[in-house]
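Below you'll find the structure, written out as C-alpha cells, and then a few comments.
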Amino acid sequence: MRLNRMLVLIGGFFLILGSRLPWMSVPVLFGVEDPAFEAIEIGWEDNGFITGGIGLILLVIGIFWKGIIGKRYSIPCAILAVLAVLVVIGCFQRVLEIDPVAGFLAATDVGIYVTLTGALLALIGAIKLTSADQERPGTTVLSSSL
C-alpha cells in the first residue's frame with residue numbers, strides 16, 4: 001500500500017476519532033460547572049460534525065481508490081484536508097479570543113489535537129498525490145531512452 005494512501009486513510013480515521021472526543025473544557029473557558037453544558041465540549045459545538053464528515057469522505061476515498069489516481073481525487077482530498085485544518089485553526093483562534101484565566105492548554109482538550117493531527121496527515125498524503133514525480137507505468141523506459 002502506498003504511503004500517500006496510508007496517510008489519507010490514517011488522517012481520515014483521526015478526523016473521525018477526534019470529532020467525537022472533547023475539544024475544550026467548558027469549566028475552564030466559561031466558568032460554568034453544569035452537566036448540561038458538557039455536550040458542547042465534544043467537537044466544540046458543530047465543528048465536530050464538519051471534521052467528522054470530512055474524515056469520513058477521506059476515509060472512503062482512501063479505501064476505494066486503486067492504483068495511480070492522479071489529480072482527479074487528490075485535489076479534492078487536499079481541499080477537504082485544508083478545510084479541516086482551517087476549522088481547527090478557527091477553534092484555536094476562538095479560544096484565544098475568550099482568553100481563559102487558566103490558559104490556552106487548560107482550555108483545550110485532546111480531541112482538537114487529534115483532529116489537527118488527522119487533518120495534517122491527510123493534507124500531507126493528498127499533497128504527495130498531486131506531486132509531479134508520479135509517473136505512469138511504462139513511461140520510465142521511454143523517458144530513459146531519449
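The values are calculated or read from the model by the stated rules, or taken from the named source; none is laboratory data. Nothing here was measured: the structure is a model prediction, and the numbers come from that model. Reconstructed Cβ throughout: ideal geometry from the backbone, glycine too, with neighbour counts over all protein chains shown.
Filtering segment 1-28 down to residues that are more than 13 Å from Ile57 (Cα to Cα) and among the β-branched types (Val, Ile, Thr), which residue is farthest from the chain's Cα centre (by Cα)? Let's see the steps before the verdict.
Applying the first criterion (more than 13 Å from Ile57 (Cα to Cα)) to segment 1-28 yields 1-7, 17-28.
When the remaining residues are screened for being among the β-branched types (Val, Ile, Thr), the result is 26, 28.
Numbers: Val26: 23, Val28: 25 Å.
Among them, the one singled out is Val28.
Just give me the residues in segment 65-82 being exposed (fewer than 14 other Cβ atoms within 10 Å of the Cβ) and at pLDDT 90 or above, in sequence order.
Result: Ile79, single match.
Counting only residues that are of a type outside the set (Gly, Ala, Ser), within 23 Å of the chain's Cα centre (by Cα) and modelled with pLDDT under 85, how many does segment 105-146 have?
Narrowing segment 105-146 to residues of a type outside the set (Gly, Ala, Ser): 105, 108-110, 112-117, 120-121, 123-124, 127-130, 133-137, 139-142, 146.
Restricting the remaining residues to those that are within 23 Å of the chain's Cα centre (by Cα) gives 105, 108-110, 112-117, 120-121, 123-124, 127-130.
Then keep just the ones that are modelled with pLDDT under 85; that gives 128-130.
Of the residues in segment 105-146, 3 are of a type outside the set (Gly, Ala, Ser), within 23 Å of the chain's Cα centre (by Cα) and modelled with pLDDT under 85.
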